[in-house]
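Comments concern the structure below.
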Amino acid sequence: MDYAEGRRPRFDVGRVIERTFGAIGGNAVTLLLAAAIFVAIPQGVWGVTQVRLMTTDGVDFGPVNFLTWGVGWIVSLVCSVMMQGVATHAAVSDLQGRKATFQQCLGVAFRTLLPLIGLGILVGLGVMAGIILLIVPGIILMLMWSVAAPVLIAERKGVLASMGRSRDLSRNNRGMILLLFVIYVVVSWVFGMVFGLFSAGAMAASQVDFLFLQAVILSPIAAALLSILSAAGVAALYVELRTVKEGSGTGRQEIAAIFD
């Protein structure tokens, strides 16, 4: 589609969804490998730990176990940030018409690890404070900073600069971003229900202990798949916002020109 000079494309929810699955399909091996390494395996190990911490009276929170929980939480945080870095770079590169290798994505994830952790802490604290203030301010802040991570990764900005850039990119489109978040929540809910039915069927067929099956195998797989969807979705949202704000068309050449 041709756009008149000076006229930019409008935000399109369908285009974001299409780009999300296009980015996933174009980087399936990289994203699945990253999800296995940084989500499924750590959560599976953590699931084994949780099962072992369980007693007949509930969870044993002795000093050693409490330390185990703390270490597990830190490892989970680092791995989730690494997954975000790998998936975002792969998806944004694909949406620009470039192909990023797993090694390149991993390098970007390591380079942005500490800034992404700092960004996650600041955004999390801000959204939490907003939610305490009657919920609505927290939702607004969440929408405002929704693409701060892709900005940090793709544009190599600092933490505060990335938050400011995300605020500017999301301006006038936060209602549409909220709609996308609602769609993601619904999809996650349906996915959870289907996976729950599958879990029940697998337990009945194999007669494996349900707690072990759920914590060590099924939940890590579900988390890995959802992490791919969410990371690719945020990357597609970032590209769409840049297209709307700065682009002259929605094709790959026009998108690539934005990042030059």
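Between ILE135 and LEU197, the simple spin-label model (points 7 angstrom out along Cα→Cβ) gives 2.9 nm. With neighbour counts taken as other beta-carbon atoms within 10 Å, the residues ASP168, ASP12, ASP94 rank, fewest first, as ASP168, ASP12, ASP94. Rounded to the nearest whole Hz, the Karplus-based 3J(HN,Hα) values (6.51 cos²θ - 1.76 cosθ + 1.60, θ = phi - 60°) of the stretch 141-146 follow the sequence 5, 4, 5, 4, 9, 4, with x at glycine and proline. Remark: spin-label model distance ILE117-GLU246 equals 2.9 nm, labels positioned 7 Å along the Cα→Cβ axis.
Applying the Karplus relation 6.51 cos²θ - 1.76 cosθ + 1.60 with θ = phi - 60° to the stretch 116-132 yields 3J(HN,Hα) values of 5, 5, x, 4, x, 5, 5, 5, x, 5, x, 5, 4, 4, x, 5, 4 Hz, where x marks Gly and Pro.
No value in this document is a laboratory result; all are computed from the given coordinates. Treat the numbers as computed from the prediction; the structure is a model and nothing was measured. Please note: Cβ atoms are built from the backbone with ideal geometry, for glycine as well, and neighbour counts cover all protein chains shown.
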